[in-house]
Amino acid sequence: MAKKSGNSSGQSSSSLQDKALDLIGSQESGLFQSELRRMLSVDSSRCSKIVGRLRGCGLVSREKVPASSTYLLKLVQPAASLDYPLPSGTHIDSYLTEIYLLYLTRGISG
């Protein structure tokens, strides 16, 4: 029997996290978690896990919406400040090492 995946699109957790960050960042006023779930085509449990990982990395904040069962998600930092420009006057090896270290410290992986 084939193992049933938590999302119908077959995307990895890492790519779903990246897509979730893009979707949340595209809305200045934030994005409801229920909308994010629909946009990602995942069930509520999987969406909660994705949001939990993003919150754990300090990338996303979550606020309870009064008189509702959903949450409002917002980026902690504006999307522009999440870009990491190429350091000037350094070799590509140093740049790649820096990117790898950022990847490890952010903890965003499958």
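The values are calculated or read from the model by the stated rules, or taken from the named source; none is laboratory data. Just so we're clear, the structure is a prediction, and the values are computed from it rather than from any experiment. Glycine also receives a Cβ, built like all others from the backbone with ideal geometry; neighbour counts cover every protein chain displayed.
Condition check ((1) polar (S, T, N, Q); (2) surrounded by 15 or more Cβ atoms within 10 Å (Cβ to Cβ); (3) closer than 14 Å to LYS19 by Cβ) across all residues:
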residue: PHE32; (1), (2), (3): no, yes, no
residue: GLU35; (1), (2), (3): no, yes, yes
residue: ARG46; (1), (2), (3): no, yes, yes
residue: GLY52; (1), (2), (3): no, no, no
residue: ARG55; (1), (2), (3): no, no, no
residue: VAL60; (1), (2), (3): no, yes, yes
residue: ALA67; (1), (2), (3): no, no, no
residue: LEU73; (1), (2), (3): no, yes, yes
Please give the number of the condition ARG106 fails out of (1) closer than 21 Å to ALA20 by Cα; (2) modelled with pLDDT of 75 or more.
(2)
Quick check on my filter: what residues within region 26-40 are in a helix (DSSP H, G or I) and modelled with pLDDT under 90?
none
Within region 60-99, restricting attention to residues that are polar (S, T, N, Q), in contact with a helix residue (DSSP H, G or I) (Cβ under 9 Å, 6 or more places away or on another chain) and more than 15 Å from GLU35 (Cβ to Cβ), which residue is modelled with the lowest pLDDT?
THR90
Against the definition (charged (D, E, K, R) and assigned to a strand (DSSP E or B)), how does ARG55 come out, yes or no?
no
